[in-house]
1. Only one of (1) open to solvent by less than 40 Å² (accessible area, probe 1.4 Å); (2) touching a Lys or Arg at 6+ places or on another chain (Cβ under 9 Å); (3) closer than 19 Å to ALA103 by Cα fails for GLU248. Which number is that?
2. Would you check which residues across segment 171-189 are farther than 19 Å from LEU251 by Cα and surrounded by 14 or more Cβ atoms within 10 Å (Cβ to Cβ) and list them?
3. I need the strands (runs of 3 or more DSSP E) fully contained in segment 20-137, keeping only those with at least 3 residues that are modelled with pLDDT of 90 or more, in contact with a Lys or Arg (Cβ under 9 Å, 6 or more places away or on another chain) and not charged (D, E, K, R).
4. Would you check if ILE151 is of a type in the set (A, V, I, L, M, F, W, C) and either in contact (Cβ under 8 Å) with a residue 60 or more places away in the chain or open to solvent by 10 Å² or more (accessible area, probe 1.4 Å) (or both)?
5. Test ILE40 against the stated conditions and say whether it is touching a helix residue (DSSP H, G or I) at 6+ places or on another chain (Cβ under 9 Å), without any contact (Cβ under 8 Å) to a residue 12 or more places away in the chain and hydrophobic (A, V, I, L, M, F, W, C).
6. Out of (1) touching a residue at least 12 places away in the same chain (Cβ under 8 Å); (2) out of contact with any Phe, Trp or Tyr (no Cβ under 9 Å at 6 or more places or on another chain), what's the single condition that is false for LEU75?
7. Could you tell me whether segment 259-274 includes any residue that is more than 29 Å from LYS182 (Cα to Cα) and modelled with pLDDT of 95 or more?
8. Among the residues of segment 128-159, which ones are charged (D, E, K, R) and more than 17 Å from LEU97 (Cα to Cα)?
Amino acid sequence: MTSLPDFTLLSSFCVVAQDLSFRRGAERLSIDQSALSRRIQRLEADLGYPLFERTTREVMLTRAGLTFYETATTLLSDYAKSVTEARRVAEGRKGRLRVGYMAFAATELMPQTVALYAALYPEVAIELQYIRTQGQKLALANDDIDVGFMIGPYNNSGFRSETLSNDRLCVVLPKGHPLLRKSTLDPQDLRDEALVLGDMSEWGEYRYRLDNLCSQVGLPVQPSFEATNTLALVGLVAAGLGVTIYPESLLGFLGNAIETRPIDHDLFRSSTVLVWKRTNRALAVRNFVAAARERPRTALHAGP
């Protein structure tokens, strides 16, 4: 035998071996009995040994045929399973999806999307990685993640994006602060206020965008204190050491030790986008994007 027999010959052999009848085998395969006989003869020629003993009254498996049948049925079963499993992966119903997310997406956008996607596609393994926005851009380019929740907008011809939120920015203040007498604030109201901001190592993308917004209205950004995480920011503000600026949809997670007021200015907004590589056309990715669009929204409000 110079090569492995094709699966048409194998499946035809297994049908005849099950019924030990060329007539019934031909009926099951919906082919002529003579055509089935030629398939078995070709298979025997390829293998180099007989698989059946034929008489005018009966068909029997040879010893080699019986051994080959036991192996062939397992092979066909494994092949069918492989085809089915691969089809489920191709259809986005099975496999693995690697999701990157940053802090602003961690409380609502990412969990809501993952919950809906996991309910729709329970056989897809979801791997979550906390990565800052700049790191996600590199991870997507290197195919280390499939999709990423990041601060937007992200305009790059090699990637596609879906805007998931576009929040007003709000000022977070300690209780009793004089600015709380106003229902909304202008950026210039912060000119003489001490600022508490996230540090550049952890909050770099947000800080860059906030600095850009403030520069457009002539407001200098010189933080009095910097912190790595949100808990520390809230603690410093609650202690009266300054004020901070935060997206509106996330205010409900800051607790009751502070008060908030929205900034009444069209520029002062923060968006979160879902980004994926333009060349990544996997159905699992497309299904995840669809889940992000359809996720159930939870309305959170803090302050007047």
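1. Failed condition: (1).
2. ASP189, the sole residue that qualifies.
3. Working: elements: 52-54, 59-61, 95-101, 124-130.
Correct list: 124-130.
4. Values: of a type in the set (A, V, I, L, M, F, W, C): yes; either in contact (Cβ under 8 Å) with a residue 60 or more places away in the chain or open to solvent by 10 Å² or more (accessible area, probe 1.4 Å) (or both): yes.
Yes: the conditions hold for ILE151.
5. No; evaluated as a whole, the condition is false for this residue.
6. The one condition LEU75 does not meet is (2).
7. Scanning segment 259-274 turns up at least one residue that is more than 29 Å from LYS182 (Cα to Cα) and modelled with pLDDT of 95 or more.
8. The initial filter retains those residues of segment 128-159 that are charged (D, E, K, R), namely 132, 137, 143-144, 146.
Scanning segment 128-159 gives a single hit, ARG132.
The values are calculated or read from the model by the stated rules, or taken from the named source; none is laboratory data. Worth saying up front: this structure is predicted, and the values here are computed from it rather than measured. Because the Cβ atoms are built from the backbone with ideal geometry, glycine has one as well, and the counts that use them run over all protein chains shown. What goes into the accessible areas is simple: the full protein's heavy atoms, side chains included, and nothing from ligands, DNA or RNA. Shrake-Rupley method; radii C 1.70, N 1.55, O 1.52, S 1.80 Å.
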